[in-house]
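Working notes, beginning with the structure itself.
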Amino acid sequence: MFQSEFKKILPYSPYRSMPAEIIMVKQYTNLEKLFRLRLKKNNKDFNYMPGQFAEISMFGRGEAPISICSSPTDKGYFEITVRNVGTLTSALHNLKKGDVVGVRGPFGKGFPVENFFGNDILIVAGGLGIVPLRGLIRYIMYHRKDFGAVNILLGCRSPKDMLFNNEIGQWGRHLDILFRCTVDRADPDWQGNIGLITELIPGVNLNPMRTYAVVVGPPLMYKFVIKELLKKEIPDRQIIVSLERRMKCGLGKCGHCQINGVYVCQNGPVFKYSDIRNMEEAF
């Protein structure tokens with residue numbers, strides 16, 4: 001009786017992988033590829049929000065949590081970006097259109113977009129942090145009239161490390177979106193900013209009481225970016241961060257992501273800074 005009632009609530013088991021077909025592969029850098037996936041049975045079962053993640057698996061190779069980088073407004077498919085850094089990710093990079101992977105999820109708490117409506121948004125992305133933020137940016141652009149001012153700040157190591165370069169050009173051309181990008185090391189063709197992403201924040205004009213700042217990037221970045229945001233007088237409850245790098249199983253069972261009793265994969269990976277500011281291990 002209990003099992004039958006449980007199935008009515010969840011259309012699939014969070015422990016069982018669902019087959020998903022690769023319908024597109026795009027190489028962005030030497031290490032990163034984007035995969036567009038479609039569930040073999042029913043893509044409507046895969047309802048997600050920006051900031052959530054999925055467990056991607058290959059039989060005999062393992063499983064890993066990977067951020068969803070598309071928006072729920074992208075109908076009929078979802079997308080992930082994979083960096084080739086190990087056994088599983090290397091095997092994923094060898095796959096092509098028509099191949100099948102396993103998918104569990106979506107998991108975690110995404111960005112609180114219900115709180116963003118009617119407010120201004122400042123997005124700060126460092127390195128691979130642009131991957132989950134791409135889904136949020138696409139969501140905001142689709143619902144553009146429902147948001148106030150939108151500022152996007154992106155930092156990369158070098159121009160050749162820049163992901164989604166075809167879309168980044170579109171962000172910069174939007175008349176109602178302020179987009180700025182900086183790199184640590186420029187090449188001869190680079191015409192943009194050179195330096196740390198924190199150097200871009202003082203130049204952003206914003207109303208702190210109506211601004212939500214969303215920050216995703218390497219752990220070292222958070223301390224310095226948040227310091228600049230607090231100088232702007234943005235309330236810490238309106239500073240949103242993601243701690244996705246710590247996750248593993250997605251179900252709060254392995255304990256790999258636990259920080260002071262908080263399971264990132266269940267309680268996060270997205271948090272208000274006000275809820276975790278005293279968790280020094282998180283940064």
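No lab work stands behind these numbers, since they all come straight from the coordinates. Note that the structure is a prediction, hence the values are computed from the model and not measured. Ideal geometry is used to build each Cβ from the backbone, glycine not excepted, and the neighbour counts take in all protein chains shown.
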Helix-derived [θ] at 222 nm for the chain: sum -39500 (n - 2.57) over DSSP H runs of at least 4, divide by residue count, nearest 500? -6000 deg cm²/dmol
Give me the distance in nm between label points sitting 7 Å out from Cα along the Cα-to-Cβ direction at residue 24 and residue 165, one decimal. 1.8 nm
Subtracting the Cα-Cα distance from 0.36 nm times the residue separation, let me have the gained length for residue 279 to residue 99 in nm, one decimal. 60.6 nm
Under the Cβ-under-4.7 Å rule, which cysteines of the chain stay unpaired? 69, 156, 181, 257, 265
Gained length - residue 146 relative to residue 87, 0.36 nm times residue gap less alpha-carbon distance: 17.0 nm
Dipole magnitude of region 141-259 about its Cα centre, charges +1 at Lys/Arg Cβ and -1 at Asp/Glu Cβ only, in debye to the nearest 20? 440 debye
Under unit Cβ charges (Lys, Arg +1; Asp, Glu -1), what dipole magnitude, rounded to 20 debye, does the chain have relative to its Cα centre? 700 debye
Output for region 142-174: trypsin sites (Lys or Arg not before Pro) sitting in coil per DSSP, at most 13 other Cβ within 10 Å, listed by number, reads 157
Given [x] 17.3, 50; [y] 18.8, 67; [z] 17.9, 56, which label gives Rg and Dmax of the Cα atoms in Å as computed from the coordinates? [y]
Cβ-based charge dipole, the chain, positive-most Cα from 82, 179, 23: 23
